[in-house]
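Structure record follows, encoded as structure tokens.
The values are calculated or read from the model by the stated rules, or taken from the named source; none is laboratory data. Quantities reported herein were computed from a predicted structural model and do not represent experimental measurements. Heads up, the Cβs are rebuilt from the backbone with ideal geometry, glycines too, and the neighbour counts pull from every protein chain shown. Accessible surface is based on the protein model in full, side chains and every heavy atom, while ligands, DNA and RNA are left aside. Shrake-Rupley method; radii C 1.70, N 1.55, O 1.52, S 1.80 Å.
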Amino acid sequence: MKDRAVLVIGGGVAGMQAAFDLAEAGIKVCLVERTLSIGGRMAQLDKTFPTNDCAICILAPKMMDCYRHENIEVLTLSEVTAIEGEIGSFKVKIRRKPRFVDEAKCNGCGDCARVCPMGILNKFDMDLRVRSGAYIPFMQAVPLIYALDRDKCMRCGLCEAVCGKDAIRYDQKPEIVERNVSAIIVAIGFDPLDPSGLTEYGYGRYDNVITALEFERLICAAGPTGGHVIRKDGKEVKRIAWIQCVGARDTRDNRPYCCSVCCMHATKEAILTKEHYPEAATFVLYTDLRCFGKGFQEYVNRAEDDYEVKYIRGKPGEIREKENKNLEIFYSPSSDRVEKLEVDMVVLSTALIPSEGVEALAEILGTELDKYKFFKLKDSYNPTETTRAGIFVAGYCQAPRDIPECIAHGSATASRAMEVVLGGSYDRRA
Amino acid sequence: MTEELRIGVFICHCGINIGGVVDVPAVVEYASTLENVVHAERNLYTCSSDGLESIKSAINEYELNRVVVASCTPRTHEPLFRATCEEAGLNRYLFEFVNIRDQCSWVHMHELEKATEKAKDLVRMGVAKAALLEPLEELTSEVTPSAVVIGAGISGMTAALSIAKNGFHVHLIEKKREMGGMLRRLYKLYPTEELAAEFLEQRIKAVEEHERVELHLSASIKAVEGYVGKFKVILDENGAEKSIDTGVIIVATGAKEFEPEGLYEYDGEKVITQLQLEEKLKRGDSKLDGIENVVMIQCAGARGEVVGYCSKICCMNAIKNAKLIKEANPDINVFIAHNELQAYGEEYELYYRDAKKAGVRFLRFPLERRPKVIKSEGKLVVDVFHERLQMNIPLEADLVVLSVPLVQNPDAEKLSKMLKVPLGQDKFFFEAHVKLRPVDFATDGIFLCGTAQGPKDIEESISQGYAAASRATIPLAKGYVSSEAIISSVDEAICVGCGICESVCPYGAVEVVETEEGRRAKVTGVKCKGCGTCGSSCIKRAIKMHHFTDEQLIAQERTALVTEEVVS
Amino acid sequence: MKEGEVKIIGFLCNWCCYAGADLAGVSRFQYPPNIRIIRVMCSGRVDPVIILDTFLWGADGVFIGGCHPGDCHYMQGNYYAEKKIEMAKRLLKEAGVEPERLRLEWVSASEGERFAGVMREFTEEIKELGKIKFEKDEMEAACIAAADYRLRILATKEKELLEEGNKYGEVFTRHEMNRLLDDMVREEYEAKKILLKLKKPKSVKEIAAELNLKPNVVFRHIMDLRRYELIEVHEIRDNTPTYVAKVEEGGE
């Protein structure tokens, strides 16, 4: 009897979907998530294109469904450290980092967070907000269990003193757990590129050059500024430009590919800006507008016609910061001209790249990566299967795709894993 | 209801989260004076194992038949308390949650007295609702363990084969005599440039050889009845009628190429579509003898010209065909006149660069100034306004190829009516949720994949095919479907069969059927999701939305508004 | 609630607005304690009859919170909610109550701060309007009108009439729709007021005088009410018939 269980690595939308489908089909799933909460990158978004659905509103019930499912075991703060065996019977070692909070006891009241004297930049908010040393990354985190940031903790003991549930555990140690599974699904998503190295954009040097994901936190009502798009000097924005393909479609650093989502992402952010500030002027500087998905062209039409978003073809050669911290963008709209656009904020649609640690994980799993560090496929046109039998891949870590494609992809790999668990198709030619 | 009501109320301090603002002992005392309340107590944390134990023991000790917990929010803790009630032998729906933390103590931190008043009101409202709660059960219904896949193109074949490999019988229905769909007409595939015919052959073989796939070729759907788990699909297969029982249905009917009649001097000979070009190339005519100049026009009929949308695959398809022509015969000039170029994703950008390297020439026109095809004395000129040079460039052409969009099949509307699933404004099948449910329909048990949902390339069609297989396998593997317990029901004595409820239900859960008494609405429990819109729309108020009944909601609001102190 | 304070009842959908209210709490955004929240699964569940009953029982304001358009967990429930609430507002107006006392807002699960803001603003508005005032008969008539099938059909079919047209394929313009709604609501409301008056036998003239309506209007309603067997002739007094409401089986 083979193990009727599947390991899913990564608790973003793709991983959650795969886990949920499998669990619903009666298969046990171990969902391993590196951070404190499942939800992935989608949880960081304010709205989603092309419907402007509120991201967390539609995601949170899905996160709860996943976490509560009787067939899903969610292991947060966990990483796969080793696998043995083969399709049908993998033995997986998982390292669980300590939370320093008793998961069974914490009821998420947040008393610990309120007394903790430490102030630490919150990664979930793209370092734009300070959280305390006892924390959850965001309000809708699942599981709703606090954690202590031990690197920053000075063990003052206040959290322990106020915790009515006696849940603080300063002495928790990392542990290794083992699970036996028939198949593995990798869905570790992406990281946004840090554009500091692309000096022409001035990110890191200029106050008001930010990334699209930072913008997403700013415009989010539950974000660090309560949904106000404000500059470092506290002024609200009036003219704002998005610059596309920052570090993408760019042969420098071996990144010639298109990230597939940024044109629509920028369009959405421009629309949201206009909804917040009807008087604001919004510009999108782009090379090719990639509006190929369902409803995308219509969305762009709305942005242009109803929201007066101005699309300008031209990639900036340079950005300069003025004394008042405004930015001058120099770009060339036709072969014989260079134009200047002045704005008070620049948002960089940075490339989305394979997650940090992908190479180490690929090595542990014994799967190959392609030249851009996306997971390599066994067969072209079949986007589900890695180069190792029984290990499948879902979502952005296989190739750029948007949320619904990631979700379909998550389900797709679930069916491949079902073929193994339910159908017993160990013979890959079956 | 004849049984005596015995309500227990549990009020949580949540440490100081509630207790620091609301006077919990006073609320407990107040609760114990309310009608039907036989027990009230407070807990430091009702959700702790101590708290849960004390609910269970109180249910036994005081013979409670309703439980009210006033604490945090039902959105996180209702399942826990419901389960606790069930463990003590009480139906889980005889539990009522009162939110006095997130919506009281935390938002009125500086108004202690008023917060306490509010907490009392909320508890009183909860008790009033609890008195009217009824036990509910989740309904289950068996599932016929087989699937129907409509359409044997690449996505339908993928879905069918995966479900078969998952261990279930699949009926794969194709209206044509052969499987393969649009792939049959293609020459080579981008970006690998393998032959479409070879690619297809392997996959057709795998489907044909699988023991659990039952093929129905030259077959069309005549009628569909039933609901998730128990569908009946009536087929016309080669003129004979066949009836298939199935648990789930997948729509994989594909799309077709738009016919550009009347546009760009289209004639099917000198001005053709990309698919017509592929067929030419496939016939071995890749050298295109006698042709010196080929001009391809992108977005022909798309993005506002005839249809509104971008068809996703035409740019790459044009680039592929252009590159193949150029490589087979470097003397032919190949131009692609385009607006935006959709070379998205990991591999297409490089493929596009390869085409450029091979000598394919790209000219960008603005969408508001699309190219014109001028035909005179048998000669063709394509007049392209070059965006970057801001001038018109006339290109002589021996062959003009129009990159036209994929459009929905004309028979899709009929199918959508039979299945009671919607088409979108673009006429493609409309999924349950644009973001989160790309291969589901709102109606349980019916799924979609491939270009029936919208234009997409082969890889994505395969991905969706597998995805639909996964979604469809779930009820088959479970063997049953269960409904929400909180669903609506129709009082047939009041219903007049007007059908308003049917029109507002997004799940097809309420339908008007013929009964002995005449036309009456009927709720199919397993389809209902419990939103209650049918109830509030019913013209005779004949529909009861359980657990949120008119009586319960009215009891809550009226109780909230009654100002007299309850006499104990 | 204490006398003198304005009383607000809120019906919030589980998926968006209720979650937004929870987030306001989690984030400790403060707002006035006048609202009592009732959770429903979907704003589409909220029946105009319940809204009007809430006013009848003395609420000074009623708040309905749903998902933003397009976000509805059940696809279109919030759309139907909007139409129903418009209907309830028209009836409130007929009953002489400021329609601003009824408010519909879309609040998403991430808009905790906004929820608190809306609560502050709405409570302030209701405080400015003061305690609610209405004639009991009039609000009761509005309640019964909301339960009547004619208005319920209109509230639900509005979208279809505007977008797809009626059975004759006639598509209504927004303007035509508004006129139709205004007329129908007034008709229904008048009819229900007459019905309430007929708890005791009365002649057309007497009703017309009491309700300040033209006798021919009253007569038309009387004919209508008779057609639906809601009233009957009580007696003929000096060649003038008087009418009385039929007692429903079981009664109230």
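Number of residues in the stretch C:170-197 that are buried (at least 17 other Cβ atoms within 10 Å of the Cβ) and charged (D, E, K, R): the value is 6.
Please determine whether any residue of the stretch B:163-174 is within 18 Å of residue A:418 (Cβ to Cβ), within 11 Å of another protein chain (Cβ to nearest Cβ), among the polar types (S, T, N, Q) and in a loop (DSSP other than H, G, I, E, B). Yes, the stretch B:163-174 has at least one match.
Within the stretch A:358-377, track down each residue that is assigned to a loop (DSSP other than H, G, I, E, B), in contact with an Asp or Glu (Cβ under 9 Å, 6 or more places away or on another chain) and either without any contact (Cβ under 8 Å) to a residue 40 or more places away in the chain or β-branched (Val, Ile, Thr) (or both).
A:370, A:373, A:374, A:376, A:377 - these are the residues of the stretch A:358-377 that are assigned to a loop (DSSP other than H, G, I, E, B), in contact with an Asp or Glu (Cβ under 9 Å, 6 or more places away or on another chain) and either without any contact (Cβ under 8 Å) to a residue 40 or more places away in the chain or β-branched (Val, Ile, Thr) (or both).
Taking the condition under 30 Å from residue A:384 (Cα atoms), touching a helix residue (DSSP H, G or I) at 6+ places or on another chain (Cβ under 9 Å), buried (at least 21 other Cβ atoms within 10 Å of the Cβ) and modelled with pLDDT of 95 or more, does residue A:90 pass? Criteria not met by residue A:90. Out of A:284, A:347, one residue alone is buried (at least 23 other Cβ atoms within 10 Å of the Cβ) and either within 14 Å of another protein chain (Cβ to nearest Cβ) or part of a loop (DSSP other than H, G, I, E, B) (or both). It is A:284. Scan the stretch B:382-405 for residues that are surrounded by fewer than 23 Cβ atoms within 10 Å (Cβ to Cβ) and closer than 15 Å to residue B:273 by Cβ and the total you get is 1. Restricting attention to the stretch B:454-479, the residues that are on the phi > 0 side of the Ramachandran plot and surrounded by fewer than 24 Cβ atoms within 10 Å (Cβ to Cβ) total 1. Applying the condition of being in a loop (DSSP other than H, G, I, E, B) and modelled with pLDDT of 95 or more to the stretch B:36-67 and asking which residue is nearest to the chain's Cα centre (by Cα) yields B:65.
Yes/no matrix, rows are residues, columns are (1) more than 29 Å from residue B:319 (Cα to Cα); (2) touching a helix residue (DSSP H, G or I) at 6+ places or on another chain (Cβ under 7 Å); (3) exposed (fewer than 15 other Cβ atoms within 10 Å of the Cβ):
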position: B:161; (1), (2), (3): yes, yes, no
position: B:164; (1), (2), (3): yes, no, no
position: B:174; (1), (2), (3): yes, no, no
position: B:202; (1), (2), (3): no, no, yes
position: B:218; (1), (2), (3): yes, no, yes
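A Cβ distance below 6 Å, combined with a sequence gap of six or more or placement on separate chains, defines the contacts here; from the stretch B:461-472, residues that are more than 15 Å from residue A:21 (Cα to Cα) and more than 7 Å from chain A (Cβ to nearest Cβ) reach residues that are assigned to a helix (DSSP H, G or I) and of a type in the set (A, V, I, L, M, F, W, C) in the pairs B:461/B:154.
Close contacts from the stretch B:312-338, counting a first residue that is within 14 Å of chain A (Cβ to nearest Cβ) and a second that is among the small types (Gly, Ala, Ser) and open to solvent by less than 10 Å² (accessible area, probe 1.4 Å), with Cβ to Cβ under 6 Å and a gap of 6+ residues or different chains, come to B:314/B:403; B:318/B:403; B:319/B:355; B:336/B:318; B:336/B:322.
Among the residues of the stretch A:287-308, those identified as more than 20 Å from residue B:341 (Cα to Cα) and either in a loop (DSSP other than H, G, I, E, B) or in contact with a Gly (Cβ under 6 Å, 6 or more places away or on another chain) (or both) are A:306, A:307, A:308. The sole residue among C:167, C:131 that is surrounded by fewer than 17 Cβ atoms within 10 Å (Cβ to Cβ), within 21 Å of the chain's Cα centre (by Cα) and not in a helix (DSSP H, G or I) is C:131.
Taking the stretch C:48-79 as the region of interest, how many residues are closer than 21 Å to residue B:122 by Cα, within 7 Å of chain B (Cβ to nearest Cβ) and part of a loop (DSSP other than H, G, I, E, B)? Explain how you work it out, then say what you get.
Of the stretch C:48-79, the ones closer than 21 Å to residue B:122 by Cα are C:50-66.
Among the residues that remain, those that are also within 7 Å of chain B (Cβ to nearest Cβ) are: C:50, C:53-54, C:57-59.
Going one step further and asking which of them are part of a loop (DSSP other than H, G, I, E, B), we end up with C:57-59.
Number of matching residues: 3.
When the stretch C:198-252 is filtered for residues that are touching a helix residue (DSSP H, G or I) at 6+ places or on another chain (Cβ under 8 Å), in a helix (DSSP H, G or I) and open to solvent by 80 Å² or more (accessible area, probe 1.4 Å), the ones remaining, listed by number, are C:205, C:210, C:219. Checked against (1) β-branched (Val, Ile, Thr); (2) under 39 Å from the mean Cα position of the chain (by Cα); (3) more than 13 Å from chain A (Cβ to nearest Cβ), residue B:307 meets all criteria but (3). Taken together, the residues in the stretch B:88-116 that are open to solvent by 40 Å² or more (accessible area, probe 1.4 Å) and touching a Lys or Arg at 6+ places or on another chain (Cβ under 8 Å) amount to 2.
Here residue B:427 fulfils each of the conditions (1) outside any loop (DSSP other than H, G, I, E, B); (2) surrounded by fewer than 22 Cβ atoms within 10 Å (Cβ to Cβ) apart from (1). Screening residue A:292 against (1) in contact with a helix residue (DSSP H, G or I) (Cβ under 7 Å, 6 or more places away or on another chain); (2) open to solvent by less than 10 Å² (accessible area, probe 1.4 Å); (3) of a type outside the set (Gly, Ala, Ser) leaves a single unmet condition, (1). Against the test of being at negative phi and without any contact (Cβ under 8 Å) to a residue 24 or more places away in the chain, the options C:136, C:93 yield a single qualifying residue, C:93.
Within the stretch C:84-101, the residues that satisfy the criterion of being open to solvent by less than 20 Å² (accessible area, probe 1.4 Å) and in a helix (DSSP H, G or I) are C:84, C:85, C:87, C:88, C:91, C:92, C:101. Of A:4, A:34, A:68, A:99, all but one fail to be modelled with pLDDT of 95 or more and open to solvent by 10 Å² or more (accessible area, probe 1.4 Å); the exception is A:34. All of (1) farther than 20 Å from residue C:19 by Cβ; (2) free of Cβ contacts under 8 Å to residues at least 60 places away in the same chain; (3) assigned to a helix (DSSP H, G or I) hold for residue C:118 with one exception: (1).
Residue count for the stretch A:198-218, restricted to those that are under 23 Å from residue C:116 (Cβ atoms) and surrounded by fewer than 21 Cβ atoms within 10 Å (Cβ to Cβ): 0. Can you find, within the stretch B:492-549, the residue that is farthest from the other protein chains (Cβ to nearest Cβ) among those that are part of a helix (DSSP H, G or I) and open to solvent by 50 Å² or more (accessible area, probe 1.4 Å)? Checked the stretch B:492-549; the qualifying residue farthest from the other protein chains (Cβ to nearest Cβ) is B:502.
Among the residues of the stretch A:319-342, those identified as in a loop (DSSP other than H, G, I, E, B), surrounded by fewer than 16 Cβ atoms within 10 Å (Cβ to Cβ) and not basic (Lys, Arg) are A:323, A:324, A:332, A:333, A:334, A:335, A:336, A:338. Here's a check for you: in the stretch C:170-188, which residue that is charged (D, E, K, R) and under 15 Å from the mean Cα position of the chain (by Cα) is farthest from residue C:144 (Cα to Cα)? Ranking the candidates gives C:182 first.
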